[in-house]
Amino acid sequence: MTITPAILDEFKSRMRITHSGEDDNLKRLLSFSVSALKGDCGPFDINGTTDIDNRAKELVFERTRYVYNDALEFFENNFLSDITGLGLDIEMERMANETI
């Protein structure tokens, strides 16, 4: 998963990171979070503009924040309902598109 400069900048702004010294590490962490959440929830486009894509991006940012702060073990419990809801919505959208 390639993390675009726009996604990296949005995450850095959210985290109040103003330097570029960690850019490569942040891209790697963001990419890992995208992969993990796609595995849990299903496909989404972190660069997309749909409600599902925006919710997925929010979860990617939150998971990456937890990883960055060495607290990943708390992420799933704290966001379980969001992860489950996103996964269900992705599946429902897939099923709706299948019947068209």
Could you please let me know if residue 96 is without any contact (Cβ under 8 Å) to a residue 40 or more places away in the chain, buried (at least 17 other Cβ atoms within 10 Å of the Cβ) and in a helix (DSSP H, G or I)?
-> no
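Residue by residue through the range 1-11, note down the ones that are surrounded by 12 or more Cβ atoms within 10 Å (Cβ to Cβ) and either of a type in the set (A, V, I, L, M, F, W, C) or under 20 Å from residue 36 (Cα atoms) (or both).
Once the filter is applied, which keeps residues that are surrounded by 12 or more Cβ atoms within 10 Å (Cβ to Cβ) and either of a type in the set (A, V, I, L, M, F, W, C) or under 20 Å from residue 36 (Cα atoms) (or both), the range 1-11 yields 1, 3, 4, 7, 8, 10, 11.
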Go over the candidates 53, 9, 45 one by one and state the one that is part of a helix (DSSP H, G or I), acidic (Asp, Glu) and under 12 Å from the mean Cα position of the chain (by Cα).
-> 53
Just one of 32, 79, 74 is farther than 20 Å from residue 9 by Cβ, in a helix (DSSP H, G or I), within 15 Å of the chain's Cα centre (by Cα) and modelled with pLDDT of 95 or more; which is it?
-> 79
Which of the residues spanning the range 44-65 are of a type in the set (Phe, Trp, Tyr) and surrounded by fewer than 19 Cβ atoms within 10 Å (Cβ to Cβ)?
-> 61
Scan the range 56-71 residue by residue and report those that are closer than 22 Å to residue 95 by Cα and not in a helix (DSSP H, G or I).
-> none
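The values are calculated or read from the model by the stated rules, or taken from the named source; none is laboratory data. Please read these numbers as outputs of a predicted model, since none were measured by experiment. All Cβ positions, even for glycine, are placed from backbone atoms using ideal geometry, and neighbour counts span all protein chains on display.
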